[in-house]
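Below is one structure, written out as C-alpha cells, with a few remarks after it.
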Amino acid sequence: MQLRSPRADIVALALLVGLGGIFAVYFILPFAGLGERAISDGRVWELTRSSEVRAALVLSLWTSVLATLLAIVLGTPIAYWLSRSSFPGRSIVDALIDLPIVLPPTVAGVALLTAFGTRGLVGEPLDELTGIRFTFTSTAVVMAQLLVAAPFYVRAARAGFTSVDPQLERVAYTLGASRVETFVRITLPQARAALTAGIVLCWARAMGELGATLIFAGSLEGKTRTMPLAIVDAFERTSLGLSGAVSLSIILLVVAAVVLVFFRAVTPDDRGSAWR
Amino acid sequence: MMRLRRHSLALVVGLLSVAVVSCGDDGSSDANEGALAGNVVVSAASSLTDAFTELAETFEGIHEGVSIELNFGSSSSLASQIVEGAPAGVFASANQAQMQVVADAGLANDPRVFAQNRIVVVTPADNETVQTFADIAADGVRLVLAGAEVPVGDYARQAIAAADAAEPGFEEAALANLVSEEANVRAVLTKVELGEADAGVVYETDAAISGDAVRVIPIPSEYVSPAVYPIATVGEDPSEVARAFVAYVLSPEGQAILAKYGFSAP
C-alpha cells in the first residue's frame, strides 16, 4: 500500500503552481512596474540625487532608527513581563498593545493630537508651562512612528520570551545569577531570533509610517517630511509627473531590501523561531 | 478541462444577459429624462467638497438612473491620477494650471470656468497672534500652507510674492514661518481649527464652513487675483452622463448651489 496516492500529489502540485503562481505574479508586478518606469523615465535617476530626496532619506533613517531603539528600550520589559506573568485582564493588556496594529494610522495621528497636540491632554499644560510643542517637529515624527511600530516589536519579543524555557532561568538563579544577569545572559540570547524579527518589523513599519505623521507632524522638507510623505508630496507635483514619486519609491525599496537582507543574514536559524 | 470551459462560457453569457437586461430596465424606467442612466466619477478639488456633494445629490434626484461617485483631493493629485489613467469622467480643478496638466495629456474636453473664489488668512478664533495679513511674516508665527503645486498653496505663494514686491523681505520672513505644507486646503483648515497653527491660507468658502472656529483675515486685494475653477469632461469619448453633469454645474440651477456655498459666478 502506498502512503500517498500519486493523484493527491498532482493536486498538490497543481495548487502550488497555480495559486503560488498567481500570488508571485501579483507581488512581482507592482515592483516590475516601478522598475520599468524608472528605466523608461529619464528623470528618475536625476531626481534621486536631488537635495529634497536626500533630506527625506536622512530624516526617515534617523527617525525610524530612533523610534525602533525607543521601542526596544521601553518595550522589552513589558514584553518580558507579559511572557512570564498571568493575571486577570492580561488579555486586555495584550489587546491594548496590539491595538495600534489594527487601527488605521490616521486614527493614531488624531489620537496623538488629542494627547500631545497644542490643545491636547498633555500638550496644552506642557505648552503653557514650558512652551514646548510637539506638533510640526521631528520629535512628533518619532512619536508617531513609535506608536504605530512599537507593537510589532513587543508582540514578537513577547512570543520570543514565551518560547524560552523558564527552567533555564531557574537554573541560573540557583547558580547565583541575579535576575538582570540571567535575563541578559540566558533569556536574551535564547530569544534572539524572535527579537531580531521584531526589531526588523518595527523598523520597517516606522520607515513606512505615513498617516499618523501627516496628521500629527505635518509635512515640511528636512523637518517632518519623511520618505513616505515626500512620495505623497511628489505625487501632488504634476510638474514632475510620476517621476518624483517613482524615484523616491525606488530608493525606499532599495534601502528596505538592503536592511531586510542584512538582518536575514545575521539572524540565526530564522526558519524556526523567528518570523512567526 | 473542456467541461470547465463550457461552464465558464455559460456563466459569462448569463452574466452579460443579466447586465443587458438591467441596463434596459434602468433606461426605460426613466423615460421622461431622455433615458439618462449610468454612473460617472467626478474628481473635484477639495474646496468643492460641500458644494459638489449637494450638486451631485440634486443631479441624482433629477436623473433617477444616474449615480455620481465623488472623488475629492487637491487638484494637483487629481490631475496626477487622471494623467496616470484613473477613470474620471469629469474633472473640476481649483486653478487653470492643473486643468492644463490634464489638457496637455489630451484628456480634458473644452474646459470652462464655472466658479470663482478668493483666498484669505484664517487663524484660530482664540489666537491673537495674527491680526493682519502682514503678521504672517512676524517672528514666531506658525504658518501652514498647502503644497506649492496645490492650487491654494500656489495662490497663497503668489500673494506672498506680490506682498514681497511691495515690502522686500516679506516673502523670506513669511516662508521662514512655514511649519507644514499640507496636501490640500481642508488639511490646512483643520490644522488651524485645531489650534496647531497660528495662521493658514485657505479659500473664503472653506473659512465660511468652519464657522466660529476660525477668524478670517482678508488679504489686501492688490496682492490677490481671484481663484478660478475650470471644469471639463475627461477622456476621448465622454459619456452622456459626464456631459450632462458639466452642463448642470454651468446651468443657473448649478450656479445657485455654488453661490450658496460662497462661490462667485465666473
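The values are calculated or read from the model by the stated rules, or taken from the named source; none is laboratory data. Keep in mind the model is a prediction, meaning the values are calculated, not measured. Note that each Cβ is placed from the backbone with ideal geometry, even for glycine, and that neighbours are counted across all protein chains shown. Keep in mind that these areas ignore ligands, DNA and RNA; they rest on the heavy atoms of the full protein, side chains included. Shrake-Rupley method; radii C 1.70, N 1.55, O 1.52, S 1.80 Å.
For B:Glu69, only one of the following conditions fails: (1) within 18 Å of B:Phe245 (Cα to Cα); (2) buried (at least 17 other Cβ atoms within 10 Å of the Cβ). What is its number?
Going through the list (1) within 18 Å of B:Phe245 (Cα to Cα); (2) buried (at least 17 other Cβ atoms within 10 Å of the Cβ), B:Glu69 breaks only (2).
Based on what the data block shows, is A:Val65 touching a Phe, Trp or Tyr at 6+ places or on another chain (Cβ under 9 Å), assigned by TED's automatic domain parsing to the domain that holds A:Gly208, closer than 18 Å to A:Ala149 by Cβ and modelled with pLDDT under 95? Can you show your working first?
Details: touching a Phe, Trp or Tyr at 6+ places or on another chain (Cβ under 9 Å): yes; assigned by TED's automatic domain parsing to the domain that holds A:Gly208: yes; closer than 18 Å to A:Ala149 by Cβ: yes; modelled with pLDDT under 95: no.
Spelling it out, it is not the case that A:Val65 is touching a Phe, Trp or Tyr at 6+ places or on another chain (Cβ under 9 Å), assigned by TED's automatic domain parsing to the domain that holds A:Gly208, closer than 18 Å to A:Ala149 by Cβ and modelled with pLDDT under 95.
Tell me whether segment A:232-244 contains one or more residues that are under 18 Å from the mean Cα position of the chain (by Cα) and either within 14 Å of chain B (Cβ to nearest Cβ) or among the polar types (S, T, N, Q) (or both). Walk me through how you get there before you give the answer.
So in segment A:232-244, the residues under 18 Å from the mean Cα position of the chain (by Cα) come out as none.
Scanning segment A:232-244, I find no residue that is under 18 Å from the mean Cα position of the chain (by Cα) and either within 14 Å of chain B (Cβ to nearest Cβ) or among the polar types (S, T, N, Q) (or both), so the answer is no.
Output the residues belonging to segment B:138-184 that are over 23 Å from the mean Cα position of the chain (by Cα), under 17 Å from B:Val122 (Cβ atoms) and part of a loop (DSSP other than H, G, I, E, B).
Residues satisfying the conditions are B:Ala138, B:Val141, B:Arg142, B:Asn177.
Which of (1) within 14 Å of chain A (Cβ to nearest Cβ); (2) farther than 30 Å from B:Ser80 by Cα does B:Pro218 not meet, given it meets every other one?
Result: B:Pro218 fails condition (1) only.
Taking segment A:127-144 as the search range and keeping residues that are part of a helix (DSSP H, G or I) and among the charged types (D, E, K, R), which one is nearest to the other protein chains (Cβ to nearest Cβ)?
As a first pass, look at segment A:127-144 and keep what is part of a helix (DSSP H, G or I): A:127-130, A:138-144.
Next, from what is left, pick out any that are among the charged types (D, E, K, R): A:127-128.
Details: A:Asp127: 10, A:Glu128: 13 Å.
By that ranking, first place goes to A:Asp127.
Among the residues of segment A:5-42, what is the count of those that are under 17 Å from A:Leu240 (Cα atoms), out of contact with any Phe, Trp or Tyr (no Cβ under 8 Å at 6 or more places or on another chain), at pLDDT below 90 and open to solvent by less than 100 Å² (accessible area, probe 1.4 Å)?
So the count comes out to 4.
Can you name the residue in segment A:194-231 that is of a type in the set (Val, Ile, Thr) and more than 14 Å from every other protein chain (Cβ to nearest Cβ) and, of all such residues, is surrounded by the most Cβ atoms within 10 Å (Cβ to Cβ)? Explain how you work it out, then say what you get.
So the first thing to find is which residues in segment A:194-231 are of a type in the set (Val, Ile, Thr), and the list is A:196, A:199-200, A:213, A:215, A:224, A:226, A:231.
Next, only the ones that are more than 14 Å from every other protein chain (Cβ to nearest Cβ) stay: A:196, A:199-200.
On the way: A:Thr196: 20, A:Ile199: 20, A:Val200: 23.
For segment A:194-231, the residue satisfying everything is A:Val200.
Residue under question is A:Val180, and the condition is that it be more than 18 Å from the chain's Cα centre (by Cα) and more than 9 Å from chain B (Cβ to nearest Cβ); does it hold?
On the way: more than 18 Å from the chain's Cα centre (by Cα): yes; more than 9 Å from chain B (Cβ to nearest Cβ): yes.
Answer is yes for this residue.
Can you tell me which residue within segment B:119-147, out of those that are of a type in the set (S, T, N, Q) and either free of Cβ contacts under 8 Å to residues at least 40 places away in the same chain or out of contact with any Asp or Glu (no Cβ under 8 Å at 6 or more places or on another chain) (or both), is least open to solvent (accessible area, probe 1.4 Å)? Let's see the steps before the verdict.
Here is the first cut: in segment B:119-147, the ones of a type in the set (S, T, N, Q) are B:123, B:127, B:129, B:131-132.
If we keep only those that are either free of Cβ contacts under 8 Å to residues at least 40 places away in the same chain or out of contact with any Asp or Glu (no Cβ under 8 Å at 6 or more places or on another chain) (or both) as well, we get B:131-132.
Details: B:Gln131: 87, B:Thr132: 68 Å².
The qualifying residue least open to solvent (accessible area, probe 1.4 Å) is B:Thr132.
Select from segment A:196-224 the residues that are touching a Leu at 6+ places or on another chain (Cβ under 7 Å) and under 15 Å from A:Thr137 (Cβ atoms) and list them in ascending order. Talk me through it step by step, then tell me what you get.
Step one: filter segment A:196-224 for residues touching a Leu at 6+ places or on another chain (Cβ under 7 Å), giving A:200, A:210, A:212-216, A:219-220, A:222.
A:Ala212, A:Thr213, A:Leu214, A:Ile215, A:Phe216, A:Ser219, A:Leu220, A:Gly222, listed by residue number.
Being open to solvent by less than 50 Å² (accessible area, probe 1.4 Å), of a type in the set (A, V, I, L, M, F, W, C) and in contact with a helix residue (DSSP H, G or I) (Cβ under 6 Å, 6 or more places away or on another chain) is the filter here; which residues of segment A:58-85 pass it? Give the derivation first.
Narrowing segment A:58-85 to residues open to solvent by less than 50 Å² (accessible area, probe 1.4 Å): A:59-60, A:63-64, A:67-68, A:71-72, A:75-76, A:79-80, A:82-83, A:85.
This time we only want the ones that are of a type in the set (A, V, I, L, M, F, W, C), so: A:59, A:67, A:71-72, A:79, A:82.
Of everything in segment A:58-85, those that are open to solvent by less than 50 Å² (accessible area, probe 1.4 Å), of a type in the set (A, V, I, L, M, F, W, C) and in contact with a helix residue (DSSP H, G or I) (Cβ under 6 Å, 6 or more places away or on another chain) turn out to be A:Ala67, A:Ala71, A:Ala79, A:Leu82.
Go through segment B:72-117 and give me each residue that's open to solvent by less than 50 Å² (accessible area, probe 1.4 Å), of a type in the set (S, T, N, Q) and within 14 Å of another protein chain (Cβ to nearest Cβ).
Within segment B:72-117, B:Ser74, B:Ser75, B:Ser76, B:Ser77, B:Ser80, B:Ser93, B:Asn95, B:Gln98 qualify.
Assigned by TED's automatic domain parsing to the domain that holds B:Pro124, at pLDDT 95 or above and open to solvent by less than 10 Å² (accessible area, probe 1.4 Å), is that true of B:Ala174?
Working: assigned by TED's automatic domain parsing to the domain that holds B:Pro124: yes; at pLDDT 95 or above: yes; open to solvent by less than 10 Å² (accessible area, probe 1.4 Å): yes.
Judged against the criteria, B:Ala174 is a match.
Looking at B:Val241, is it in a strand (DSSP E or B) and away from chain A (no Cβ under 14 Å)?
Working: in a strand (DSSP E or B): no; away from chain A (no Cβ under 14 Å): yes.
No; evaluated as a whole, the condition is false for this residue.
Out of segment B:190-212, which residues are more than 14 Å from chain A (Cβ to nearest Cβ), in contact with a helix residue (DSSP H, G or I) (Cβ under 8 Å, 6 or more places away or on another chain) and not in a strand (DSSP E or B)?
Filtering segment B:190-212 for residues more than 14 Å from chain A (Cβ to nearest Cβ) gives B:201-212.
Applying the additional criterion that residues be in contact with a helix residue (DSSP H, G or I) (Cβ under 8 Å, 6 or more places away or on another chain) yields B:201-203, B:205-207, B:209-210.
Scanning segment B:190-212 gives B:Thr205, B:Asp206, B:Ala207, B:Ile209, B:Ser210.
A:Pro151 - would you say it is under 25 Å from A:Leu69 (Cα atoms) and open to solvent by 30 Å² or more (accessible area, probe 1.4 Å)? Steps first, please.
Details: under 25 Å from A:Leu69 (Cα atoms): yes; open to solvent by 30 Å² or more (accessible area, probe 1.4 Å): no.
No: the conditions fail for A:Pro151.
Within segment B:199-230, can you find the residues that are out of contact with any Lys or Arg (no Cβ under 6 Å at 6 or more places or on another chain) and among the charged types (D, E, K, R)?
Of everything in segment B:199-230, those that are out of contact with any Lys or Arg (no Cβ under 6 Å at 6 or more places or on another chain) and among the charged types (D, E, K, R) turn out to be B:Asp206, B:Asp212, B:Arg215, B:Glu222.
Taking the conditions exactly as written (in contact (Cβ under 8 Å) with a residue 60 or more places away in the chain and of a type in the set (Phe, Trp, Tyr)), does A:Phe235 satisfy them or not? Walk me through how you get there before you give the answer.
Details: in contact (Cβ under 8 Å) with a residue 60 or more places away in the chain: no; of a type in the set (Phe, Trp, Tyr): yes.
Judged against the criteria, A:Phe235 is not a match.
Return yes when B:Ala187 is within 12 Å of chain A (Cβ to nearest Cβ), crowded, with 22+ Cβ neighbours inside 10 Å, assigned to a loop (DSSP other than H, G, I, E, B) and of a type outside the set (D, E, K, R) and no when it is not. Show your work before the answer.
Details: within 12 Å of chain A (Cβ to nearest Cβ): yes; crowded, with 22+ Cβ neighbours inside 10 Å: yes; assigned to a loop (DSSP other than H, G, I, E, B): no; of a type outside the set (D, E, K, R): yes.
In short, no.
Anything in segment B:169-208 that is over 22 Å from A:Gly120 (Cβ atoms) and touching an Asp or Glu at 6+ places or on another chain (Cβ under 6 Å)? List them, or say none.
Within segment B:169-208, B:Phe170, B:Glu171, B:Val185 qualify.
Of (1) away from chain A (no Cβ under 14 Å); (2) touching a Pro at 6+ places or on another chain (Cβ under 9 Å); (3) farther than 30 Å from B:Glu171 by Cα; (4) assigned to a helix (DSSP H, G or I), B:Val41 satisfies all except one. Which?
Result: B:Val41 fails condition (4) only.
Does A:Val107 meet the test of being within 18 Å of the chain's Cα centre (by Cα), buried (at least 21 other Cβ atoms within 10 Å of the Cβ), on the phi < 0 side of the Ramachandran plot and not polar (S, T, N, Q)? Break it down stepwise before answering.
On the way: within 18 Å of the chain's Cα centre (by Cα): yes; buried (at least 21 other Cβ atoms within 10 Å of the Cβ): no; on the phi < 0 side of the Ramachandran plot: yes; not polar (S, T, N, Q): yes.
Here the answer is no, as A:Val107 does not meet what is asked.
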